[in-house]
Structure formats: structure tokens, C-alpha cells
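Have a look at the structure below before the remarks.
The values are calculated or read from the model by the stated rules, or taken from the named source; none is laboratory data. Worth saying up front: this structure is predicted, and the values here are computed from it rather than measured. Here Cβ is always computed from backbone atoms with ideal geometry, including for glycine, and neighbour counts include all displayed protein chains. For the accessible areas, the whole protein counts, side chains as well, though only heavy atoms, and no ligand, DNA or RNA atoms are used. Shrake-Rupley method; radii C 1.70, N 1.55, O 1.52, S 1.80 Å.
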Amino acid sequence: MYNQLAGVLAAPGGAVAAGPTPLGRGLVATQQVTQGATLLSVDWANMLCVTDQPKLGDAFGRRVLGDWQMLHGRLPPLLVRYLVGDEGDWFVRLAAWLLWLRRNAQGPWRLYIDLLPREEEITTLMNYRPEEVGELQSPLLESRAALERSQIAGLHDRLFCTSGGELRALQLAAGLQDTVWAACMVNSRSFSETVEGETVSLMVPCADMANHALAPNASYQFVAPADAFQLQALQDIARGAEACISYGCTHKSNEGLMRDYGFVVPGNLNDRVPFSAGKQGARLLALGGCDDVASQLAARAAGLGAMAQPSISAPRLLEALGLGGEAGGSFDLTAAAAAAMGDSEADAARRRLLATLMSLQPFLRDIPPAGSTASAAAAAAAAAGAAPPLSEAELQRERQSSAALVGQCQQLLAGMPTTVETDEALLAADGGGGERLGARRRQAVATRVEAKRLLRAAEAALQAYAAALR
């Protein structure tokens, strides 16, 4: 169906086609592609386009809508008024258009609708039913899923419901699940661009099959001289290799990725271990299923009694973790993150280590301000390949702090119904396609196992630090 759709809606000469990839269905190069080449081009009349803020100017959006209707047929006047109006935000207006196409489309747009994921394949949070959210094993994700679904239910009743919604004359959504489907499609597959100073949101057939990668080999943009939305190669791409773009979600945690796209990134640098720093941090840790009692229990088990906020020496931690700290604990986190953007498990493990380091930031000390000079003693010790020596009392404090933080990781892991090993076995037995587990349960397992891997990585890093203390 992709080839049929591309043959009608995409410009001739495209260098990609739909195919199976390690990330699922995606776009695969059909020939050797050189850097800068156009992989796919879709004319503006062949995409769904709405202006984000019509009151600020909507000439481009109206022009694209007019050309779309000239090419593909007239839309109902009520729908046209809604698409160009400002009564709903861009998200709701695109969802309305998509719902109308789902019930009325013919020709290439029927092919497009049929190519979109079916309800049972959608793994974004709002598509999880109340009886399914427990599989996520995360109170935060469970509450987020319930909130998202509640908000979409309100949208359905107010606008799209065929029996009572404001747009009921268009007969858009017979049931809530129809609206959930459209919302998931818009959330996970739309693009945002600024054209002629006008911010627009787009759904672009064929291009919206491109998967996300941390180190993308392709980019997208609206090319005004061609009046087309294009995917372009950022580097040479071999025939048979997947063409991936960045979804522009570099600052999203896995919770945000699950909410908007329905996947997680192994070793997401934006994820954090919810360490608690006493009473102020107890609420944060409680979101993960624990409270600050874990710190006190770990300290008491070590015979150290009740403890204040944990405190860790940054230079010594970097040294123990092999992160190459400079004098005074200086460390180029940006460079370290850029060097770990590959797809291998080693890269993912490295990113988890960096995420652990960022999670520990509130507890780190001896970090010189940017541009400052470390003390002479620290500089001399670093030059000799060792951090300044600690007194026995300081060593005791470091051990107490690391033990308390390790205890929090262990408590969080113990509070989850399954282990990393059990989850990995489930995924391995499923074979990668969700045939046994189903798409949503499989993604829930993949999501929770990634959270556990981060906790394991933090636990191991802190244990390595404690073992290196002398």
C-alpha cells in the first residue's frame, strides 16, 4: 500500500520505501543515497495543514487547504470553517480532519488511513485502558495515562461525539475510541514548521513513517521553492539502511516519549532516579513507590544511625566511575553525552551512567564554579592521578551517603512487582513483534524494564564508588 500511496501523493524519484526495520515499520533506502539528497518529497496539496494561531495570520494555511480541496475534493463547509477558525487548537483541528477522512476518504486518502496504525497497535499513554495501566508499574505513568484519557473523553463529548458533540453534523466519532485513535495519530505523527512566518502543523503521508533516532541520518523541512515537504539525507545512506529523523524530543524523558509517541529510548539522558534528599524530596521518591524511610533504613543497617542529606565528592565519584574528571571535579558532560549517541547496548549503558550522574547532582559537592580554578591541593592531586585524601570521618560520611542512596535504589526496585530478569524474559519470549503480549503490553514491559535498568545502573555506580573509597 505504501508504494501505491507514494506513487500518487509523493513526487517521483523518491529514494525510500516502507519496510521492516529494527525499530519496527519504517522508511528504508531503496538505493545508495548521498549526503544532501532528497529522500522523499510531498507537495503541499497532498498534506493536511492547519495554522497554529490563525489570528496571527493564516494565508499559507488557507492556500494549502484550498489547493487540497481542488485536488482531492470539497470538504463540508462546517469542517472547513472549523479548520480555518480559532475555536480549537491545531491538535483538535487536525484530529477533526483525520476523523472525517477516516469515515469518508476515497482514493489515496483511503490508502493513507488504511496505512495508519490500528487501535490495537497504538502504544501512546492515552490509549492504555484502566485495566492495562498497571502493566507500566509506575504510579506516575498510570496517573498520566488516566489524565490523558480523561481529557480526550472530554474532547470527544464536547466536539466529536456523533450524538451530542458540537460537530455532530459531521458524524466524526461514534465512540470514544475513534477520538482516541485520531488524537494518538496527531500526537505521534504530526510535524511542525514555520512557513512564510506562519507556524503550521502538518500530517504528511509517507514522511510520517520515518522513525526517530538519537543520531538521525535524515532531516525534514518545508522547501518553499519546491512547494513541498521533504526528507533529506544528512549523510550518505546505504541501500537497505533505515532513514531516521529526530522528532525534536531531545529534552523529553521516557515518560514524555510514552505520552507523545508510545516508545522509550534505552538510556534516556533525560530520565532521573527519583532520589530523596530528606523531607523535601520525599514526595518525589513517593512517585516511584517509596519514601525517605529507605535512606534511614540503609544508614541504620550500616550502623550509622539517622542521617542528614547525602553528600558525595564529585571528583572522587568521577574517578571511581572512570568518567575522567579533571582538576576539582570538572567534567564535560555535553561531550560525554555526544559520544554515547549510538544504538548499541554499550552506548545505552553509558547514557544510563550519565543519567545517574545527573540524578546525583543535588548531592554532589566540591564542584568548582564555571571558570574557577581548583585549589592547589586538588590540582596537585589530580596531576598525580588521585583525588585529595579524605579523613576517616569524611570517609565515613561518604560511605553513609552512598549506602543511603543505594538503599533508595534497592527499595524502588523491590517495590516493583517484577524484576529486570523477568521482564527481559517476557520480551525475549515474545519475539519482538508483540504477537503473544500484544503491542501495548509489550511496550509497557519495555518501558518498565528501562526504568529498572536505570535503577540498576545507579545502584551499581554507587556501589562502585563505595568500593573505591580509601
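For the chain, the longest principal axis of the Cα atoms and the long axis of helix 392-414 meet at an angle of about 40 degrees.
At the residue level, Leu234 shows approximately 80 square angstrom of accessible surface with a 1.4 angstrom probe and all protein chains present. Rounded to 0.05, the FRET efficiency of the Gln235 and Ala393 pair, given R0 = 45 Å and the Cβ-Cβ distance, is 0.25. Are there trypsin sites (Lys or Arg not before Pro) in segment 1-107 that DSSP marks as loop and that have at most 14 other Cβ atoms within 10 Å, and which are they? In loop regions of segment 1-107 (DSSP not H, G, I, E or B), the sparsely surrounded trypsin sites (Lys or Arg not before Pro) are Arg74. With all protein chains in place and a 1.4 Å probe, the accessible surface of the chain carries 53 percent carbon and sulfur.
In the full protein context, segment 1-96 carries 48 Å² of accessible surface per residue, based on a 1.4 Å probe and ignoring ligands, DNA and RNA. Evaluated on the chain, the Kirkwood hydrodynamic radius is 25.0 Å, with distances taken between all distinct Cα atoms. Farthest toward the positive end of the dipole of the chain, out of Ala241, Leu98, Leu176, is the Cα of Leu176, where the dipole comes from beta carbon charges about the Cα centre. Please work out the FRET efficiency for the pair Thr162 and Gln361, using the Cβ-Cβ distance as r and a Förster radius of 60 Å; give the result to the nearest 0.05. Result of the calculation: an efficiency of 0.70.
Dipole size of the chain about its Cα centre, with +1 on Lys/Arg Cβ and -1 on Asp/Glu Cβ: approximately 520 debye, rounded to the nearest 20. The angle between the Cα long axis of helix 345-359 and the longest principal axis of the Cα atoms of the chain comes to about 70 degrees, rounded to the nearest 10. Amide H contacts of Val50 (H built 1.01 Å from N, in plane; Pro and chain starts excluded): Ser201 sit under 5 Å, all sequence-distant by 5 or more or on other chains. On C-alpha positions alone, give me the angle between the axis of helix 139-155 and the longest principal axis of the chain, in degrees, nearest 10. Here the helix axis deviates by roughly 20 degrees.
Ordering Ala458, Ser138, Val16 by the projection of their Cα atoms onto the charge dipole of the chain, which places +1 on the Cβ of Lys and Arg and -1 on the Cβ of Asp and Glu, puts Ser138 at the extreme positive end. Spatial offset of segment 1-31 relative to segment 401-464 amounts to 35 Å, using the alpha carbon center of each.
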